[in-house]
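Presented below is the structure to which this report refers.
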Amino acid sequence: CKPGDSIEVDNAPTYFGQLGLKAMFSAHGMTVDVNANFRTDPKDIVIHLPWFVTPQNATVDGRPMKAMNHRLVVPSVARRIIVTWAPRQNAVNLSYGEAVDQFVKEYSNRYQEFLREGASQQKHVARY
């Protein structure tokens, strides 16, 4: 997600009852507001963090929490989770738009080469 984006889930049915949340993203992290209506409280709620960031700080309802293995394990009564992070060094941009742009560029170049040189005996193989 890009800064300013959000993901919202309303009244999702779970084994424990209904769960709603809104995750709002900034350049340096995210804030998740949880609205749970559990019949039976689960032991914890697990928040998985993006692989392409390095977690720096996290708070759950104002209390410090440590991320482990790119996960936050928070109590089921948590209502606000705030996570700050930094972009991971050398992380590849794997957005859909970027992948399509790279594909179009690569195959446009291959087609232009084919028009200039015709079919060659050797096939080009690229691994991504």
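Note on Val46: accessible area approximately 60 square angstrom, rounded to 10, probe 1.4 Å, nucleic acids and ligands left out. Ligands, DNA and RNA excluded, the heavy atoms of Tyr111 present near 130 Å² of accessible surface to a 1.4 Å solvent probe.
Ranked from largest to smallest solvent-accessible area, with a 1.4 Å probe on the protein heavy atoms, Leu115, Leu72, Leu21 come out as Leu115, Leu21, Leu72. Ranked from largest, the principal axis spans of the Cα set of the chain equal 67, 31, 25 Å. Give the angle, between 0 and 90 degrees and rounded to the nearest 10, that separates the Cα long axis of helix 96-117 from the longest principal axis of the Cα atoms of the chain. It is inclined by approximately 10 degrees. In the chain, helical runs assigned H by DSSP with n ≥ 4 each contribute -39500 (n - 2.57); averaged across all residues and rounded to the nearest 500, the mean residue ellipticity at 222 nm is -6000 deg cm²/dmol. Under a 5 Å amide H cut-off, with hydrogens placed 1.01 Å from N, Ala36 pairs with Gly20 among residues at least 5 apart or on other chains. A 1.4 Å probe over all protein chains sorts Lys2, Lys66 by accessible area into Lys66, Lys2, starting with the largest.
In this rough spin-label picture, where each label sits 7 Å from Cα along the Cβ direction, the Val46-Asp61 distance is 2.2 nm.
The values are calculated or read from the model by the stated rules, or taken from the named source; none is laboratory data. Bear in mind the structure is a predicted one, so any value in this text is a computation, not a measurement. Neighbour counts run over all protein chains shown; Cβ positions are idealised from the backbone, glycine included. To get the accessible areas, we keep the full protein, side chains included, count just its heavy atoms, and leave off ligands, DNA and RNA. Shrake-Rupley method; radii C 1.70, N 1.55, O 1.52, S 1.80 Å.
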